[in-house]
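Structure first, commentary second.
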Amino acid sequence: MTLQIDLSAIAANYHALAAKSPGARASAVVKADAYGLGAEQVARRLAAEGARDFFVALDREVAAVRAGAGPEAQIFVLSGHMAGADLGSAIPVLNNPEQYFRDRAMRPGRPFGIQLDSGMNRLGFEPAEWAALKNEILAQGPVLVMSHLACADEPDHPMNARQLAVFQQMTQGVTAPRSLAATGGILLGPDYHFDLTRPGIGLYGGRPFDAAQPVVRLSLPVIQTREVEAGETIGYSNTYTAPRRMRVATVAAGYADGIHRRLSSNGDSPRIELFADGQPCPVVGRVSMDLITADVSALETVPEALDLICPAQSIDAVADVIGTIGYEVLTSLGQRYRRHYI
């Protein structure tokens, strides 16, 4: 099983998103092992492209990014300074008064960032907490003050303007760099860009950055092909009955590899396809733990591997069938794939 990752496409997406916010510096969100694609390798390439700021979710994600991005990069930890965290040279984005006092007691004089809750009600200082501590915190010299948009992938959602207004009010008088926009926020326009943008899913070829270059090709090796007669069934629970004589290929991957079971055919109606050089091969029967079956009757020659994610079928196209988002498709890909970087 091969997960091919195009680092040049990631670099191109980074520059394209940076160009959309020319008044701000573009960082890179590489949490969750760069959305499952390899934080060290992605950070190394983006550092070579000029990225100086990187965001991870947890302290244990720092080491891989540091190994790729080098000693001069700023690595921000979005979960902040949790009890027992080993932050090393990373910069915690402090989310509440408890984290602030812990960090200043344990790391006096060390750099830190602040997250404000502008309405998402997930992480960050609430307005009253910020008002009570704002002057003290700003006197300590945070290197970043940020918030996060809840509905940036819906450009016309009124929540975007509400959060923008709250963030502007909460950061009035702040001279530290400010950040509000991830990928979706970048696309909302310059009012949302401030000093630092945080592109994430757009780097990796996903919505809402529809102009992104595709980054991933997921190729699944064919183990066996067989002829199935009309009326025979395929896979667990006899959910698919062959309507005619068919040639069926079995590939080595399944839900243990992050390929969701909802990609199974819906009874006798395929939900999704694998591809051979752009030619579709409908998935028939159930996706099992390690195996998937596909109708390859239309192929003159069955290749050594069939693609699930490729230019003909994006991560978001797969996500639509499952009823989720491209983020989940990428971050669910397991460790059994051989990751190949180009």
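The values are calculated or read from the model by the stated rules, or taken from the named source; none is laboratory data. All values reported here derive from a predicted model rather than from experimental measurement. Here the Cβ positions follow ideal geometry from the backbone for every residue, glycine too, while neighbour counts run over all protein chains shown. Ligands, DNA and RNA are excluded from the accessible area calculation, which covers all protein heavy atoms including side chains. Shrake-Rupley method; radii C 1.70, N 1.55, O 1.52, S 1.80 Å.
Worth pointing out:
- The residue that is most open to solvent (accessible area, probe 1.4 Å), counting only those in segment 162-210 that are hydroxyl-bearing (Ser, Thr, Tyr) and farther than 22 Å from PRO111 by Cα, is TYR192.
- On inspection, LEU330 passes the criterion of being assigned to a helix (DSSP H, G or I) and in contact (Cβ under 8 Å) with a residue 40 or more places away in the chain.
- Tally, over segment 47-60, of residues that are out of contact with any helix residue (DSSP H, G or I) (no Cβ under 6 Å at 6 or more places or on another chain) and buried (at least 22 other Cβ atoms within 10 Å of the Cβ): 3
- The residue of segment 61-76 that is least open to solvent (accessible area, probe 1.4 Å), among those that are of a type outside the set (A, V, I, L, M) and either assigned to a helix (DSSP H, G or I) or within 21 Å of ALA12 (Cβ to Cβ) (or both), is GLY68.
- The set of residues in segment 320-342 being open to solvent by less than 70 Å² (accessible area, probe 1.4 Å) and among the hydrophobic types (A, V, I, L, M, F, W, C) consists of VAL321, ILE322, VAL329, LEU330, LEU333.
- Looking only at segment 138-161, and only at residues there that are small (Gly, Ala, Ser) and out of contact with any helix residue (DSSP H, G or I) (no Cβ under 8 Å at 6 or more places or on another chain), the one that is surrounded by the most Cβ atoms within 10 Å (Cβ to Cβ): ALA161
- Evaluated against (1) at pLDDT below 95; (2) out of contact with any helix residue (DSSP H, G or I) (no Cβ under 7 Å at 6 or more places or on another chain), LEU333 falls short on exactly one condition, (2).
- Flag: VAL228 does not match the condition of being under 23 Å from GLN313 (Cα atoms) and open to solvent by less than 50 Å² (accessible area, probe 1.4 Å).
- The residue that is farthest from LEU220 (Cα to Cα), counting only those in segment 232-252 that are among the small types (Gly, Ala, Ser) and surrounded by fewer than 19 Cβ atoms within 10 Å (Cβ to Cβ), is SER237.
- Complete set of residues in segment 286-319 that are closer than 18 Å to THR239 by Cα and surrounded by fewer than 21 Cβ atoms within 10 Å (Cβ to Cβ): SER288, MET289, ASP290, LEU291
- Of the residues making up segment 1-32, just one is within 18 Å of PHE76 (Cα to Cα) and free of Cβ contacts under 8 Å to residues at least 40 places away in the same chain, namely VAL30.
- Residue list for segment 30-39, filter: open to solvent by 10 Å² or more (accessible area, probe 1.4 Å) and under 23 Å from PHE112 (Cα atoms): LYS31, ALA32, ASP33
- When the test is whether a residue is assigned to a strand (DSSP E or B) and either without any contact (Cβ under 8 Å) to a residue 24 or more places away in the chain or not aliphatic (A, V, I, L, M) (or both), ASP307 passes it.
- ARG122 satisfies every condition listed in (1) farther than 25 Å from TYR327 by Cβ; (2) open to solvent by 20 Å² or more (accessible area, probe 1.4 Å) except (1).
- Unique match (being open to solvent by less than 80 Å² (accessible area, probe 1.4 Å) and in contact with a Leu (Cβ under 6 Å, 6 or more places away or on another chain)) among ILE91, ILE114: ILE114
- Across segment 253-278, the qualifying residues are those that are outside any loop (DSSP other than H, G, I, E, B), under 20 Å from MET1 (Cβ atoms) and free of Cβ contacts under 8 Å to residues at least 40 places away in the same chain, and the one among them that is most open to solvent (accessible area, probe 1.4 Å) is ARG261.
- Within segment 1-29, being open to solvent by 10 Å² or more (accessible area, probe 1.4 Å), part of a helix (DSSP H, G or I), over 17 Å from GLY70 (Cβ atoms) and not hydrophobic (A, V, I, L, M, F, W, C) holds for SER8, HIS15.
- Listed here are the helices (runs of 4 or more DSSP H) enclosed by segment 113-208 that have at least 1 residues being within 27 Å of the chain's Cα centre (by Cα) and of a type in the set (Phe, Trp, Tyr): 158-170.
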